[in-house]
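To start, the structure itself, in structure tokens.
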């Protein structure tokens, strides 16, 4: 069989698979599309990696498909290669994750001349609790490919699939969350968001918004005339943050708007002052941050819970979501925090921070100064 004959046969087989899948797509479009792409990816992988296809085969097949199915979208050479990558990345993992007949299994492919477009259609229960077949099939192919191309492990892929579906992330938001390394930083913050934020999507957004530790490298304890951060007055630390508020916001994220420090709420003749108050556009809520130079203490939660009640009663707009509070301290026992935070009725989290003094001297000396770093970051966002 010549190359042209082989490619013509490949076009026929792929075209028939496309048309069969399109017929069923009206009732389960996304599931059908993913299963189609997975089946084509398997077919292309077997023929291009192990079979007889020569160089340029995928490009030739793509061009012929466009001619025979005018107006066909999503089958450029690049996309067909994505389908192959999608199959190759998931094939072995799906075998271990599920007992679903056909998923990750090539037994139904009796020859490389056939395409099974039903490989991902489940008919049994998943094997592992942390793998949700419905979520896997519910996410669009473009989102899947962003995840496949930008992550390094199965755990990461499963995490971003769940998050993207639960939060209805656009392609741009998903890409940004992966580039922010959300998998390694989010969710580690000790919090009660799931229990205290009624809306599931809002609670997941909140979890994803905060890290367990922040590097406040613009705070140099030695320059403040102390040996350790605990020797520095909290007001001094707060003022240092205010003086470097742009750098502080860059640590938290672009959606934070600074509303003020020592934000004062007067109630019944009593003045209450919140260390730092922000508004988060993504969460559509006020975020109160309390700074502590020492180790976490249980009484900090009670104080912050009271501030959040005041914000919700006297500052929050009717259309905004309930306020969130973060205690930012030098050290915290996560197990202790998670135990103590349970009974408070406001959504709160506890994170820690490092200062420039905590960094190894060799690393400190190798980094650019803050102004240079900010300038570089600004240039990269232009």
Is it the case that some residue within region 325-335 is in a helix (DSSP H, G or I), within 27 Å of the chain's Cα centre (by Cα) and modelled with pLDDT of 85 or more? yes
Have a look at 88, 32, 59 and point out the one that is touching a helix residue (DSSP H, G or I) at 6+ places or on another chain (Cβ under 9 Å), in a helix (DSSP H, G or I) and modelled with pLDDT under 85. 32
In region 209-238, how many residues are assigned to a helix (DSSP H, G or I) and modelled with pLDDT of 80 or more? 1
Within the group 271, 288, which residue is assigned to a strand (DSSP E or B) and either surrounded by 15 or more Cβ atoms within 10 Å (Cβ to Cβ) or not assigned by TED's automatic domain parsing to the domain that holds residue 254 (or both)? 288
Evaluate region 257-267: report whether one residue or more is crowded, with 20+ Cβ neighbours inside 10 Å and modelled with pLDDT of 95 or more. no
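Report the residue count in region 297-317 for those that are under 29 Å from the mean Cα position of the chain (by Cα) and either in a helix (DSSP H, G or I) or surrounded by fewer than 16 Cβ atoms within 10 Å (Cβ to Cβ) (or both). Walk me through it before giving the result.
Going through region 297-317, the residues under 29 Å from the mean Cα position of the chain (by Cα) turn out to be 301, 304-305, 308, 311-312, 316-317.
The next check asks that each one be either in a helix (DSSP H, G or I) or surrounded by fewer than 16 Cβ atoms within 10 Å (Cβ to Cβ) (or both); those that pass are 301, 304-305, 308, 311-312, 317.
Residues in region 297-317 being under 29 Å from the mean Cα position of the chain (by Cα) and either in a helix (DSSP H, G or I) or surrounded by fewer than 16 Cβ atoms within 10 Å (Cβ to Cβ) (or both): 7 in total.
Matching residues to (1) assigned to a helix (DSSP H, G or I); (2) at pLDDT 85 or above; (3) within 18 Å of residue 158 (Cα to Cα):
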| residue | (1), (2), (3) |
| --- | --- |
| 27 | no, no, no |
| 75 | no, yes, no |
| 110 | no, no, no |
| 129 | no, no, yes |
For region 75-96: of the residues being touching a residue at least 60 places away in the same chain (Cβ under 8 Å) and surrounded by fewer than 18 Cβ atoms within 10 Å (Cβ to Cβ), which is farthest from residue 44 (Cα to Cα)? 93
Among the residues of region 147-169, which ones are at pLDDT below 85 and either assigned by TED's automatic domain parsing to the domain that holds residue 254 or exposed (fewer than 14 other Cβ atoms within 10 Å of the Cβ) (or both)? 168
Could you tell me which numbered condition residue 144 fails, if it satisfies all but one of (1) buried (at least 21 other Cβ atoms within 10 Å of the Cβ); (2) at pLDDT below 90? (2)
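The values are calculated or read from the model by the stated rules, or taken from the named source; none is laboratory data. What you see is a predicted model; the values in this text were computed from it and never measured. Neighbour counts run over all protein chains shown; Cβ positions are idealised from the backbone, glycine included.
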